[in-house]
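This report refers to the structure that appears directly beneath it.
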Amino acid sequence: MTDMVATNETILVVGGGISGLTAALEAAECGKNVVLVEKNPSVGGRVAQLYKYFPKLCRPSCGQEINLRRLKANKRIRLLTMAEVRNVSGTAGDYDVSITIRPRYVNDNCTACGACAQAVTTEIDDPFNYNMKKIKAAYLPYNMAYPQRYVIDPSIVGSEEASKAKAACAYDAIDLEMQEQTIAIKAGAVIWATGWRPYDAAKIQPYGYDRYPNVITSVEFERMMDPFGPTGGKILRPFDGNEAKNIAFIQCAGSRDRNHLTHCSRICCMASLKQSTYIGEQYSGDADARATIYYIDIRAIDRFEDFYRKVQADEKVHFIKSKVANITENRESGDVVLHGVDTEGYHRYDNTHDLCVLAIGMEPSVRADQIAANVSADVSGFMQMDAANGAIYGAGCATNALDVNRAVQSATAAALRAIQVVNRVSSAEA
Amino acid sequence: MSDVNTAMVQKYRNDFLKEVEENVEEGHWVKMCMQCGVCSGSCPFGPHWDHPPQEIFMMIRAGKRDEVLTTESMWMCTSCYNCIVRCPRELPITHIMHGLANYAHRLGIAPKMNPTRRFAGIFWNNIAKTGRVNELALSLKLYFMDGFMSGIKKGLAMMSVGIGMIKTKRLNPFALISHKGVKNPKELHVLLKKAREIEDRRKGIAS
Ligand SMILES: Cc1cc2nc3c(=O)[nH]c(=O)nc-3n(C[C@H](O)[C@H](O)[C@H](O)COP(=O)(O)OP(=O)(O)OC[C@H]3O[C@@H](n4cnc5c(N)ncnc54)[C@H](O)[C@@H]3O)c2cc1C
Ligand code: SF4
Ligand code: SF4
């Protein structure tokens, strides 16, 4: 991998989520050479962690499968996983980039047979499931992971466990001598698609995410619905493992708040509307099952208003116009009690729920002003369009809190801009 | 109705929000409220308010001048600052509540018998006199605020606390005759008068 050839006609794409994948594929399918750098052991990003997509409520895995086929079929894309860009310097058409690649300890002989995982007993937190589950220290990040190649967690390297894994592998795929390496490449244009991360819910002190087991985040709730997820597809209360039926959703958890993120994360209203349909799906016909959405105002962005109407008509879903002031916990039952005053009549309430889902805000996973000198960031750290950015173009949630549809549109736009830059470089050199 | 009040009604007509913005401490923040309700839900005295802060802000914008200025609500604020800490828009709610209460008082239309308002008056007169609070005089004034019999009753109920305070030298039992104020109270009075003039000028009240 160190012998990679990249020139000023290469497009570097940073981040292999839906936006980075799209940008890389669009550019490569137009005949450009692309280096795609992904921090995680596999591509797919946050979308791979979703159970269903709004608005159509289909499974994200099918769209991902199409993209993976396009990726496998394309020889112009060099994919680097477990890799992070350290430094970008230069100007449009002429960038120097240094990339650090962490050791996977598994080479491409791996057939994903899983013998190493069976040999190992050490368990680690599973980041794909937001640490709600343990996995073996030799693991495949998730079933559809690409590349389909196991990872040995660095925590066991040098121990008996790692040797066991190595001995169990029949394909000589485990290489415990792998080292971290830093490589330098050239690029004509950079597409920055490092996406978003959930805001740290523990910082919203009155909601007690750090104190009450039955207060969880929307991203965790999404994982619960996955049949391969931490709860096997059931909505279970972390407090006692019982089924949760009376579920509260708190909107703007960390968003639109000068104490936290000032921006509207834009997706969380739709995410909660979507997730409220999961309750009907899971407990159809059960009169006890209900979702209660506490909101300041519902922002079902543009054409999603009809999705909102559909959910409003659902008798299992209730709406309370109020930002919850604080949450307390019933220590014996683990139930959570939401306290507040509603805006439609100023009624005080103290409502008990089985489980409370915080519709957590989205913040950029890398602040744009940390990418390179001159790259322009808005107050929240999202990348802004600015001539000073040169040929570093933002795509997807690195530029704003976007849904997949808009993320993909922005990725295509970024690819087109990058293509024009490397075309200029080629014509100058020809 | 007081003259100041009539003058203000004439000056602002239907624009109560503007009146608040121009005359109430931190009043210019009122328009920033997005009606989320966190302040109302966070107030430990919330259940006792006729109109919680969120509603007060809406009433101001709706021009409900009399209802706002004559309510006891903002006098309920104990300055716990829970609302300020949590307000997503960082409104200085506590200060606005005190500002509104003070404005209503200045206009002479604040609820006459409101205990917070009366206590504030007693406290101010007490401390302004000598520059130091005369705790004995303050407690007596407070207890006898509602008449002689109720004063005796309250005094008896608090007797053990009072004796405890005297024993631990937290209360001077002879303060009515030997209260020690600042060295030169006259200078203090001049100073306070000047401060009042400046403040009145700032608030547009001719004195
Ligand atoms: C609860 C919830 C539910 C949602 N549900 C839906 C839905 O139903 N429908 C919908 O359309 N949208 C939904 N969204 C929005 C959706 O998740 C985003 O639109 C989507 O993830 C954007 O993709 P992206 O590629 O821009 O970012 P990401 O998915 O965040 O991908 C970014 C990639 O970059 C990688 N990366 C990060 N930092 C670095 C680095 N320094 N170097 C290299 N690589 C890096 C990451 O590992 C990741 O693979 C939901 C969001 C939330 C919060
Ligand atoms: S999308 Fe909805 S929940 Fe999310 S920040 Fe905006 S208004 Fe709040
Ligand atoms: S918390 Fe702030 S924004 Fe919310 S209702 Fe109160 S004053 Fe308005």
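Looking at the range A:260-291, which of its residues are in a loop (DSSP other than H, G, I, E, B), within 14 Å of ligand 2 (Cβ to nearest atom) and either more than 14 Å from every other protein chain (Cβ to nearest Cβ) or not hydrophobic (A, V, I, L, M, F, W, C) (or both)?
A:260, A:262, A:263, A:265, A:266, A:267
From the list A:240, A:297, which one is acidic (Asp, Glu), within 21 Å of residue A:340 (Cα to Cα) and touching a residue at least 24 places away in the same chain (Cβ under 8 Å)?
None of the others qualify; the one that does is A:297.
Quick check on the range B:90-126: of everything there that is in contact (Cβ under 8 Å) with a residue 60 or more places away in the chain and within 16 Å of ligand 3 (Cβ to nearest atom), which residue is nearest to residue B:200 (Cα to Cα)?
Applying the first criterion (in contact (Cβ under 8 Å) with a residue 60 or more places away in the chain) to the range B:90-126 yields B:91-92, B:95-96, B:98-100, B:102-103, B:106-109.
Next cut, within 16 Å of ligand 3 (Cβ to nearest atom) only: B:91-92, B:95-96, B:98-100.
Working: B:91: 24, B:92: 22, B:95: 18, B:96: 18, B:98: 16, B:99: 14, B:100: 15 Å.
Within the range B:90-126, the match that is nearest to residue B:200 (Cα to Cα) is B:99.
Restricting the search to the range A:143-160, which residues are open to solvent by 30 Å² or more (accessible area, probe 1.4 Å) and either under 17 Å from residue A:63 (Cα atoms) or not in a loop (DSSP other than H, G, I, E, B) (or both)?
Those that are open to solvent by 30 Å² or more (accessible area, probe 1.4 Å) and either under 17 Å from residue A:63 (Cα atoms) or not in a loop (DSSP other than H, G, I, E, B) (or both): A:143, A:144, A:146, A:154, A:155, A:160.
I'd like the full set of residues that are under 26 Å from residue B:36 (Cα atoms), open to solvent by 30 Å² or more (accessible area, probe 1.4 Å) and assigned to a strand (DSSP E or B), limited to the range A:240-259.
Listed by number, the list holds a single entry, A:246.
Looking at residue A:112, is it among the aliphatic types (A, V, I, L, M) and at negative phi?
no
Would you please name the residue that is nearest to ligand 3 (Cβ to nearest atom), looking only at residues in the range A:326-369 that are within 14 Å of chain B (Cβ to nearest Cβ) and acidic (Asp, Glu)?
A:342
Would you point out which residue out of A:38, A:9 is closer than 20 Å to residue A:190 by Cβ and open to solvent by 50 Å² or more (accessible area, probe 1.4 Å)?
Values: A:38 fails: open to solvent by 50 Å² or more (accessible area, probe 1.4 Å).
Going through A:38, A:9 in turn, just one is closer than 20 Å to residue A:190 by Cβ and open to solvent by 50 Å² or more (accessible area, probe 1.4 Å): A:9.
Can you pull out the residues in the range A:56-102 that are free of Cβ contacts under 8 Å to residues at least 60 places away in the same chain, in a loop (DSSP other than H, G, I, E, B) and under 30 Å from residue A:273 (Cβ atoms)?
The answer is A:56, A:59.
Give the range A:173-203 a look and list any residue that's in contact with a Leu (Cβ under 7 Å, 6 or more places away or on another chain) and within 14 Å of another protein chain (Cβ to nearest Cβ), or say none.
A:199
Considering only the range B:37-74, how many residues are within 8 Å of chain A (Cβ to nearest Cβ), more than 8 Å from ligand 3 (Cβ to nearest atom) and either surrounded by fewer than 18 Cβ atoms within 10 Å (Cβ to Cβ) or more than 19 Å from the chain's Cα centre (by Cα) (or both)?
3
Yes or no: residue B:163 surrounded by 11 or more Cβ atoms within 10 Å (Cβ to Cβ) and assigned to a helix (DSSP H, G or I)? Write out each step before concluding.
Numbers: surrounded by 11 or more Cβ atoms within 10 Å (Cβ to Cβ): yes; assigned to a helix (DSSP H, G or I): yes.
Yes: the conditions hold for residue B:163.
I'm trying to understand the selection: among the residues of the range B:1-38, which are outside any helix (DSSP H, G or I) and within 28 Å of residue A:298 (Cα to Cα)?
Residues satisfying the conditions are B:33, B:34, B:35, B:36, B:37.
Looking at this structure, is residue B:78 more than 13 Å from chain A (Cβ to nearest Cβ), open to solvent by 60 Å² or more (accessible area, probe 1.4 Å) and not aromatic (Phe, Trp, Tyr)?
Yes; evaluated as a whole, the condition is true for this residue.
Please tell me if residue B:118 is among the charged types (D, E, K, R), touching a Lys or Arg at 6+ places or on another chain (Cβ under 8 Å) and either assigned to a helix (DSSP H, G or I) or open to solvent by less than 40 Å² (accessible area, probe 1.4 Å) (or both). Quick ask: steps written out before the conclusion?
Details: among the charged types (D, E, K, R): yes; touching a Lys or Arg at 6+ places or on another chain (Cβ under 8 Å): no; either assigned to a helix (DSSP H, G or I) or open to solvent by less than 40 Å² (accessible area, probe 1.4 Å) (or both): yes.
Here the answer is no, as residue B:118 does not meet what is asked.
Residues in the range A:379-416 that are touching a residue at least 24 places away in the same chain (Cβ under 8 Å), over 19 Å from the mean Cα position of the chain (by Cα) and assigned to a loop (DSSP other than H, G, I, E, B): how many?
Matching residues across the range A:379-416 total 3.
The values are calculated or read from the model by the stated rules, or taken from the named source; none is laboratory data. Since we're looking at a predicted model, the values are computed, not measured. Every residue, glycine among them, receives a Cβ derived from its backbone with ideal geometry; neighbour counts consider all protein chains shown. Accessible surface areas use protein heavy atoms only, side chains included; no ligands, DNA or RNA. Shrake-Rupley method; radii C 1.70, N 1.55, O 1.52, S 1.80 Å.
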